[in-house]
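The values are calculated or read from the model by the stated rules, or taken from the named source; none is laboratory data. If you're wondering where the values come from, they're calculated on a predicted model, not measured in any experiment. Backbone-built Cβ (ideal geometry, glycine too); neighbour counts: all protein chains shown.
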Amino acid sequence: MKYVFVNHELGKDFWESKHDLFVCFYTAFYDFILTHGGIEDLKKHNINDAEDFLKFADFYAEGQKDCYAMGFAFHKYFLEPRMNGSLETETDQYFIGYCLKNDLFVDFIHFLVSYFAYWRNDEGCTCMDPYNYADNFFISSWAALVDTTKLFYFNSETVYHWHSFRIKYILDHIPGTFLSPLPKVGLPKLHVAGYRFLGWYDSDSEDAVELKNTDHVDTAYAKFLRVDNYAYWEKEEPKIKKVYIKDWKRVDPA
């Protein structure tokens, strides 16, 4: 039997697992660096292929703790750090903007902006008086890349004990990642983070008929409904007292 995920595609906005997303995302990042003037930077860190790059996206790469090596080495390719940055204004000269312009990892990148704010809030880097802008994904390309790498390194069991339940949930529920094995036989119920499974159907049309486990068909079509489980930050952030410093300057440790 052939399985089709209506309006979704494995490797584009659905991934078999969190690890599969990690491989896809960082392989694409490696290819971007390779084709955007980064050959010497890759050689400097003894990275000769995508497999080396995936190994470099590690918590202790080059003896540097907290995924700092990835941040220091390649943050300048990740995004353009700006005070008033946004996904809409990112250019394709940087990886994040390139992905958005080419319809790659779009939902995942939008998710990253919220995840980053949650993570920084848990680390005590934000919600301060005076406000230090640390929850803003676009302020520091180094911080954005380091914490994105941590997203893949940690899971709910290995993350620091003081992280909130929300972070622990997010680490194991990245939108588009399958939480149950891909089907090989039959019509099992599917579990995809960020989505509600609506069932198997006989076609991808609006008048499709839902299939039963006893039905025998050549192709089964799975339908999903997007469910936003990550809107908390957007709702709460405007309520947080912030004191903006007129002469504040962005500080990027890289």
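A few remarks follow.
- Where helices (runs of 4 or more DSSP H) fall entirely within segment 28-92, those with at least 1 residues that are under 18 Å from the mean Cα position of the chain (by Cα) are at 50-56, 68-78.
- Looking only at segment 2-27, residues that are on the phi < 0 side of the Ramachandran plot and either over 17 Å from the mean Cα position of the chain (by Cα) or of a type in the set (Val, Ile, Thr) (or both) come to 7 in all.
- Selection of first residues in segment 22-40 that are exposed (fewer than 14 other Cβ atoms within 10 Å of the Cβ) and of second residues that are at pLDDT 95 or above, restricted to Cβ pairs under 6 Å at least 6 apart or on distinct chains, gives an empty result.
- Scanning segment 42-69 for residues that are surrounded by 15 or more Cβ atoms within 10 Å (Cβ to Cβ) and closer than 19 Å to Asp20 by Cβ turns up Ala50, Phe53, Leu54, Phe56, Ala57, Asp58.
- Leu182 passes every criterion in (1) aliphatic (A, V, I, L, M); (2) touching a Leu at 6+ places or on another chain (Cβ under 9 Å); (3) over 19 Å from Lys12 (Cβ atoms) apart from (3).
- Residue that is surrounded by the fewest Cβ atoms within 10 Å (Cβ to Cβ) [pool: residues in segment 3-21 that are in contact with a strand residue (DSSP E or B) (Cβ under 6 Å, 6 or more places away or on another chain) and part of a helix (DSSP H, G or I)]: Lys18
- Of Phe138, Phe178, Phe108, Phe154, all but one fail to be free of Cβ contacts under 8 Å to residues at least 60 places away in the same chain and within 28 Å of Leu225 (Cα to Cα); the exception is Phe154.
- Checking Asp129, Asp147 one by one, the residue that is touching a Lys or Arg at 6+ places or on another chain (Cβ under 9 Å) and at pLDDT below 95 is Asp129 and no other.
- Under the condition of being out of contact with any helix residue (DSSP H, G or I) (no Cβ under 9 Å at 6 or more places or on another chain) and either part of a loop (DSSP other than H, G, I, E, B) or within 30 Å of Tyr77 (Cα to Cα) (or both), the residues counted in segment 159-172 number 3.
- Breaking point among (1) touching a residue at least 24 places away in the same chain (Cβ under 8 Å); (2) crowded, with 18+ Cβ neighbours inside 10 Å, for Met83: (2)
- In segment 100-129, the qualifying residues are those that are among the hydrophobic types (A, V, I, L, M, F, W, C) and over 12 Å from the mean Cα position of the chain (by Cα), and the one that is surrounded by the most Cβ atoms within 10 Å (Cβ to Cβ) is Trp119.
- Residue count, segment 114-124 (criterion: touching a helix residue (DSSP H, G or I) at 6+ places or on another chain (Cβ under 7 Å) and more than 12 Å from Ile167 (Cα to Cα)): 0
- Residues in segment 178-193 that are under 26 Å from Phe154 (Cβ atoms), assigned to a loop (DSSP other than H, G, I, E, B) and among the β-branched types (Val, Ile, Thr): 0 in all.
- Any chance Pro175 is touching a Phe, Trp or Tyr at 6+ places or on another chain (Cβ under 7 Å), closer than 30 Å to Tyr60 by Cβ and part of a loop (DSSP other than H, G, I, E, B): yes
- Restricting segment 199-214 to residues that are touching a residue at least 12 places away in the same chain (Cβ under 8 Å) and in a strand (DSSP E or B), the residue that is surrounded by the fewest Cβ atoms within 10 Å (Cβ to Cβ) is Gly199.
- For Arg196, the conditions (1) part of a helix (DSSP H, G or I); (2) surrounded by fewer than 18 Cβ atoms within 10 Å (Cβ to Cβ); (3) in contact with a Lys or Arg (Cβ under 9 Å, 6 or more places away or on another chain) are fulfilled apart from (1).
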